[in-house]
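Encoded as structure tokens, the structure appears first; notes follow it.
The values are calculated or read from the model by the stated rules, or taken from the named source; none is laboratory data. Values in this document were obtained by computation on a predicted structure and should not be read as measured data. Every residue, glycine among them, receives a Cβ derived from its backbone with ideal geometry; neighbour counts consider all protein chains shown. Side chains are part of the model used for accessible areas, which takes the heavy atoms of the whole protein and leaves out ligands, DNA and RNA. Shrake-Rupley method; radii C 1.70, N 1.55, O 1.52, S 1.80 Å.
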Amino acid sequence: MKIKPRIREINKYQYWGYLFITPWIIGFIVLQLYPLLASLNYSFTDFNMLNDPRYIGFQNYIRMFTKDVNFSQSVKVTLIRVLFAVPMKIIFALMVAMLLNIRLKGMNFYRTIFYLPSIFGGSVAISVLWKFLFMREGLINRLLSVFSIKPVDWLGNPDIALFTVSLVTIWEFGSSMVLFLAGLKQIPRELYEAAKIDGASLLKQFYYVTLPLLTPIVFFNLVMQTINAFQEFTTPFVITSGGPAKSTYLYAMLIYENGFKFLKMGYASALSWLMFIAIIIITALVFKSSPYWVYYGDGGST
Amino acid sequence: MKKMISILLTIMLLLVAFSACTGSTPAGNDAPDPTKAASAPEKPEDITLRVSWWGPEARHQATLEVMEMYEKLNSHVKLQGEYGDWNGWYDKLLTQIAGGTAPDVMQVNDRWYYDFTSNKQVVIDMNTLTDYVDLTTFDKNFLDTYCSYNGILLGVPLGVNGTGMLYNKDFFAKYGIPEDTVWTWDNLMEIGIEVHKKDSNAYLLCSDPNEMMTLMRAYIKQKIGTQLIADDYTFNLSKELLTEVFQYTVDLLDNGVAEPFESAVLYTNVSNENPKWIRGELGMQFKYLSLLPRYLESDLNLGIVTLPVMEGLKDTGVLISTGNLMSVYSGTKHVEECAKFINWFVNDKDAILTLGEVRGIPATDFARKTLSEAGKGNTFVSDAVNIALENASNIVENGLSQNQEFEALLIDTFEQVGFKRLTPEEAANFLYDTMIEKLEELKSQN
């Protein structure tokens with residue numbers, strides 16, 4: 001007799017909750033769920049934006065692996081980029097966060113400055129600026145010439161272009177840094193004091209205290225950054241548009257080119273779905289691996 | 001509880017009422033009184049036409065000005081401009097077409113013929129609108145050859161475009177190259193080598209991979225004298241010819257005749273911004289003539305010649321095209337009004353004078369005369385177009401040869417060769433095999 005009214009009350013609150021999130025739900029259905037399902041549908045057709053789509057079964061999916069000459073190159077480029085940019089970004093963010101964790105006058109000012117690149121995040125203007133910096137006649141080469149180093153074709157040389165373009169992503173380390181900073185603040189001082197008493201060097205303190213306690217944040221950053229890195233498009237597209245010699249031809253560019261340049265919307269949808277599945281699998285693998293290296297204070301039971 | 005619900009409902013009601021009000025206010029002001037409209041049926045109904053184009057700032061200004069003039073002359077028509085840069089324009093337009101929200105009147109590029117006619121009919125055949133559009137001012141042959149596809153006239157041509165070699169007169173003087181040199185592929189190489197010997201910073205040819213590909217298409221056409229891909233899906237380029245073309249490209253780059261791709265690639269489509277060109281360290285470059293105004297803005301002393309030729313050539317390979325056309329979207333509700341506007345846009349004297357050459361040399365004799373009489377024509381560009389027309393290729397590229405996938409593959413192969421990823425033989429084999437497979441696929445689809 002006592003439980004019944006409570007349940008009713010919860011139900012009532014539930015309706016209110018739904019009412020308040022209606023705008024979001026509408027937005028989700030119209031702007032995300034519908035396009036998602038539509039693209040799944042298109043991926044089984046030969047839709048090209050101008051014709052009426054015709055169902056062709058799994059042909060689009062078969063085509064990727066058998067006929068598309070650019071497919072393997074774009075997969076290769078994307079993987080190299082992810083494997084390079086994501087760890088670099090996390091390491092860089094952690095290093096800067098450690099520096100900014102030092103008690104110093106005006107530290108808040110520095111924190112703001114270091115976060116700035118992320119506010120500009122991925123915008124076209126930054127990409128254009130980046131292009132100017134790394135041109136043959138650009139600032140970087142002029143700086144190198146002061147040390148009598150020959151100019152380097154940062155963006156024109158197929159062997160270096162991918163590296164140069166990835167630098168932009170690494171440079172936008174702000175959000176990961178903020179998370180690390182919050183994590184560092186949470187580590188109890190007593191642990192460091194205890195380590196000091198036991199005679200641990202700074203390096204050992206980092207390795208045995210800081211790093212283990214930060215693993216949940218490393219884990220979170222790893223998942224988020226990996227997902228983002230796979231989908232990266234704007235910056236490389238503006239700076240090199242896939243060139244030179246397809247050396248920065250990311251998977252997202254392959255999708256874009258097929259969809260909008262070659263009018264193969266159906267095929268582009270299929271490519272997107274492959275990427276979607278790949279990201280899910282990789283994320284799942286990272287999650288599976290987490291019990292082996294991520295430390296949770298509560299034993300990770302929740 | 002009830003109270004809260006009622007408050008919420010009131011708020012929602014207010015919101016709905018408010019939004020409805022804001023939505024209807026302008027309409028209430030602008031729309032003519034329905035009773036009046038009924039009593040005066042001869043007065044045309046008020047309509048809004050959306051007009052879209054891409055291009056540089058000068059084109060936007062002139063077009064907007066002309067649209068205002070038209071609105072004054074036709075008070076029932078309201079014109080709404082949608083314009084922007086060429087980059088990404090086609091993607092945007094395609095999305096609009098796919099969603100059925102494309103503009104009523106749109107500027108169309110001749111490279112889209114294949115896409116626009118091989119699927120759903122995107123634009124209305126201009127031949128059916130001759131009641132409103134005067135096509136007699138145009139050269140019929142020009143309309144049939146360059147603006148029609150399978151007998152469908154896709155739009156009204158806005159200009160004549162061609163190809164040529166733009167050169168720097170001071171550069172030629174500095175290295176003792178006579179301006180009246182008849183360029184052949186052989187002396188291009190020889191003179192280029194000499195220039196680079198004299199100054200290791202100087203290159204005779206300025207070319208990104210994209211332009212190199214277009215230039216070498218002329219070489220190919222001079223050799224074969226036919227379409228690159230025949231209408232029956234035959235690939236007319238042999239492996240031997242492709243190897244030869246790629247070898248020639250590699251020689252150009254290795255001998256310092258052409259600027260290395262490593263630095264040229266950063267100025268793809270914007271070689272006017274290439275610092276080496278601005279400093280006068282590059283001699284000449286292949287150009288679509290519609291791009292000339294951009295190059296004429298600089299202080300460089302420029303001239304134009306036709307493309308290099310070879311002995312026993314079967315065709316000149318000098319591409320002539322319309323560049324841009326004005327078309328009527330097949331989904332529009334106001335076909336007649338769209339056609340009337342386009343007619344005025346290309347045939348009215350005031351419109352011609354205001355627009356000038358923002359879309360290249362006009363396609364009608366009347367417009368060209370009007371402009372030169374008013375002293376508004378750019379003689380450099382018209383001379384360049386005339387040189388191109390004198391040397392015009394007999395091959396009007398068919399849709400298959402203009403296929404975007406073929407073009408992208410071609411550019412990519414030139415890059416692979418230029419960056420030494422593939423030898424000329426490997427590149428020729430790769431391109432040939434891939435194209436044969438692609439063409440078979442295309443053939444089976446149609």
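At R0 = 30 Å, how high is the FRET efficiency between B:M310 and B:T423 if r is their beta carbon distance? Nearest 0.05 is fine.
Computed FRET efficiency for B:M310 and B:T423 comes out at 0.80.
With the other protein chains left in place, how much accessible area per residue, in square angstrom, belongs to chain B at a 1.4 angstrom probe?
Details: 20510 Å² over 446 residues.
It amounts to 46 Å² per residue over chain B.
Give me the one-decimal Kirkwood hydrodynamic radius in Å for region A:70-293, with the sum taken over alpha-carbon pairs. Before the final figure, lay out the partial values.
Details: mean 1/r = 0.0509 Å⁻¹.
Computed over Cα pairs of region A:70-293, the Kirkwood hydrodynamic radius comes out at 19.6 Å.
Using label points projected 7 Å from each Cα along Cα→Cβ, tell me how many nm separate B:A408 and B:D144, to one decimal.
Taking the two extended label points, one gets 3.6 nm.
I'd like to verify something in chain A: which complete DSSP H helices, judged by Cα projection on the helix axis, reach 27 Å or more and average at least 0.5 on the Kyte-Doolittle scale?
On the way: long enough: A:3-28 (36 Å, -0.05); A:71-100 (42 Å, 1.78); A:211-231 (30 Å, 1.24); A:265-293 (42 Å, 1.40).
Going by DSSP H runs, the hits are A:71-100, A:211-231, A:265-293.
How much length, in nm to one decimal, is gained on full extension between A:S241 and A:L36, taken as 0.36 nm per residue of separation minus their Cα-Cα distance?
On the way: separation 205, 0.36 × 205 = 73.80 nm, distance 2.58 nm.
The span from A:S241 to A:L36 would gain 71.2 nm if fully extended.
Sort A:191-198, A:30-37 by the packing proxy (mean of other Cβ within 10 Å over each peptide's residues), most packed first. Please report the intermediate quantities before stating the final value.
Values: A:191-198: 12.5, A:30-37: 11.0.
Put in order of decreasing packing, that is A:191-198, A:30-37.
With charges set only on the Cβ (+1 for Lys and Arg, -1 for Asp and Glu), what does the dipole of the protein assembly as shown come to about its Cα centre, in debye to the nearest 20?
Numbers: 62 positive and 77 negative charges, 902 e Å.
Here the protein assembly as shown has a charge dipole of around 4340 debye.
Treat every Asp and Glu Cβ in chain B as -1 and every Lys and Arg Cβ as +1, leave all other atoms uncharged, and give the resulting dipole magnitude about the Cα centre to the nearest 20 debye.
Working: 36 positive and 63 negative charges, 268 e Å.
I would put it at about 1280 debye.
Quantify, in whole percent, the carbon and sulfur part of the accessible surface of chain A (1.4 Å probe; protein heavy atoms only). Don't jump to the answer; show the numbers that get you there.
Numbers: 12540 of 18020 Å².
Answer for chain A: carbon and sulfur cover 70 percent of the accessible area.
Which residues' amide hydrogens lie under 5 Å from the amide hydrogen of B:G81, considering only partners 5 or more residues apart or on another chain, with H built in the peptide plane?
B:V51
Which of the residue pairs B:K239/B:K438; B:K287/B:K376; A:K131/B:K197; B:K314/B:K420 have a Cα-Cα distance greater than 25 Å in the structure shown?
Flagged as over cut-off: A:K131/B:K197; B:K314/B:K420.
Going by a ≥ b ≥ c, the root eigenvalues of the Cα gyration tensor, does the protein assembly as shown fall in the rounded group (a/c under 1.5), the prolate group (a/b larger than b/c) or the oblate group? Kindly include the intermediate steps, with their values, before the conclusion.
Working: a/c = 1.95, a/b = 1.25, b/c = 1.56.
Oblate.
Any chance you could run the full-extension gain for A:M107 through A:L211? It's 0.36 nm times the residue separation minus the Cα-Cα distance, nm to one decimal. Show your work: numbers first, answer last.
On the way: separation 104, 0.36 × 104 = 37.44 nm, distance 2.26 nm.
Going from the current span to full extension adds 35.2 nm.
Only Lys, Arg, Asp and Glu count, each charged at its Cβ (+1, +1, -1, -1), so figure out the dipole size of chain A about its Cα centre, rounded to 20 debye. If you can, show how the numbers build up before the last one.
Values: 26 positive and 14 negative charges, 110 e Å.
So the dipole magnitude of chain A works out to roughly 520 debye.
In region A:70-293, with Lys and Arg counted as +1 and Asp and Glu as -1 at Cβ, which of these residues, A:N101, A:F219, A:T169, has the Cα nearest the positive end of the dipole, that is, farthest along it?
So the residue we want is A:N101.
Checking an interface number: how much accessible area is buried between A and B, summed over both chains, with a 1.4 Å probe, in Å² rounded to 100? Walk me through the numbers before you get to the answer.
Details: alone 19530 and 22020 Å², together 38540 Å².
Summing both chains' loss of accessible area gives about 3000 Å².
If you fit an axis through the alpha-carbon atoms of helix B:404-418 and take the longest principal axis of the Cα set of chain B, what angle between them do you get, 0 to 90°, nearest 10?
Around 40 degrees separate the two axes.
Among the lysines, select those whose C-alpha is under 16 Å from the C-alpha of A:K150, and discard any that sit fewer than 8 residues away in the same chain.
none
Setting aside same-chain residues fewer than 8 positions from B:K443, which aspartates and glutamates have a Cα under 16 Å from its Cα?
Of all the aspartates and glutamates, those that pass the test against B:K443 - Cα under 16 Å, at least 8 places apart if same chain - are A:D46, B:D115, B:D231, B:D232, B:E405, B:D433.
Name the residue farthest towards the positive end of the dipole of chain A from the options A:G259, A:I280, A:Y42, assuming +1 on Cβ of Lys and Arg, -1 on Cβ of Asp and Glu, about the Cα centre.
Comparing the listed Cα positions along the dipole, A:I280 ranks first.
Against the longest alpha carbon principal axis of chain B, how many degrees, from 0 to 90 and to the nearest 10, is the axis of helix B:57-73 turned?
40 degrees
At a Förster distance of 30 Å, what's the computed FRET efficiency of B:N386 paired with B:R294, Cβ-Cβ distance as r, to 0.05? Intermediate results must be reported in sequence, preceding the final value.
Working: r = 20 Å, r/R0 = 0.67.
The pair B:N386/B:R294 has a calculated efficiency of 0.90.
Given only helices, namely DSSP H runs of n ≥ 4 each adding -39500 (n - 2.57), what is the per-residue ellipticity at 222 nm of chain A, to the nearest 500 deg cm²/dmol? Intermediate values should be presented prior to the final figure.
Details: 15 runs with 204 residues, N = 302.
Per the formula, -21500 deg cm²/dmol.
Using a 7 Å offset from the Cα along the Cα-to-Cβ direction at both B:T128 and A:L144, what is the distance between the two label points in nm, to one decimal?
If labels sit at B:T128 and A:L144, their model points lie 6.0 nm apart.
Got a number for carbon plus sulfur as a percent of chain B's accessible area, 1.4 Å probe? Can you show the working numbers first?
Working: 10830 of 20510 Å².
It is 53 percent, rounded to a whole number.
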